[in-house]
Amino acid sequence: MNEASSSADTETPRPPKRVFHFWRCFWLAFLVVSLAFAWYSFYVPPNDIVWAKDHDAAQQQAAESGKPMILYFTGTWCVPCRIMKRQVWADKEVAALVNANFIPVAIDVDAPDNAAIMAQYQVTGPPVTIVTDPAGKALNWKAGGVGKAEFLELLDGAK
């Protein structure tokens with residue numbers, strides 16, 4: 001036997017190198033951030049607004065009380081609508097103002113029963129917020145998601 005080969009056989013193996021798994025960490029971080037964003041996009045806290053059951057009930061209630069209506073066209077799949085529900089409708093100041101001075105009604109754009117109302121106000125997609133007088137005539141409107149300050153300006157502009 002050769003001395004060189006016998007010394008190679010008796011050499012102790014080195015421990016494996018610790019490899020930083022960059023891509024494993026990257027994708028794990030990406031997954032966590034994506035799940036947090038999805039939760040943020042779809043989370044909607046409850047609100048204290050007294051919503052009318054449907055447009056006809058709101059119209060009758062507005063005619064009896066003399067209060068203007070807020071028509072909020074929304075969809076269950078609409079992310080800007082959910083963000084608006086979280087940032088505007090869940091706000092205590094907004095809820096108090098709306099409940100005291102308006103008849104609010106949320107109108108689902110996906111419901112076939114609401115097609116006539118959408119055509120009446122020329123709404124093509126959510127979110128759309130319209131402030132009307134008690135008779136249903138549009139006073140002020142805003143297409144797209146709005147923040148609290150812009151929503152309060154919308155209500156002030158309709159007075």
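The table below gives the values:
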read-out: Looking only at segment 45-78, and only at residues there that are of a type outside the set (D, E, K, R), within 20 Å of residue 111 (Cα to Cα) and in a loop (DSSP other than H, G, I, E, B), the one that is nearest to the chain's Cα centre (by Cα); value: 78
read-out: Residue in segment 75-96 that is farther than 18 Å from residue 44 by Cβ, of a type in the set (A, V, I, L, M) and touching a helix residue (DSSP H, G or I) at 6+ places or on another chain (Cβ under 8 Å) present; value: no
read-out: Some residue of segment 74-84 being farther than 30 Å from residue 156 by Cβ and of a type in the set (D, E, K, R); value: no
read-out: Residue pairs meeting the criteria (Cβ under 9 Å; at least 6 apart or on separate chains; first farther than 22 Å from residue 125 by Cα, in segment 55-80; second charged (D, E, K, R)); value: 61/67; 62/133; 68/133; 68/159
read-out: Looking only at segment 7-46, and only at residues there that are among the small types (Gly, Ala, Ser) and surrounded by 10 or more Cβ atoms within 10 Å (Cβ to Cβ), the one that is modelled with the lowest pLDDT; value: 41
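The values are calculated or read from the model by the stated rules, or taken from the named source; none is laboratory data. Owing to the predicted nature of the structure, the values given are computational and were not obtained by experimental measurement. Note that we place each Cβ from the backbone using ideal geometry, even for glycine, and neighbour counts take in every protein chain shown.
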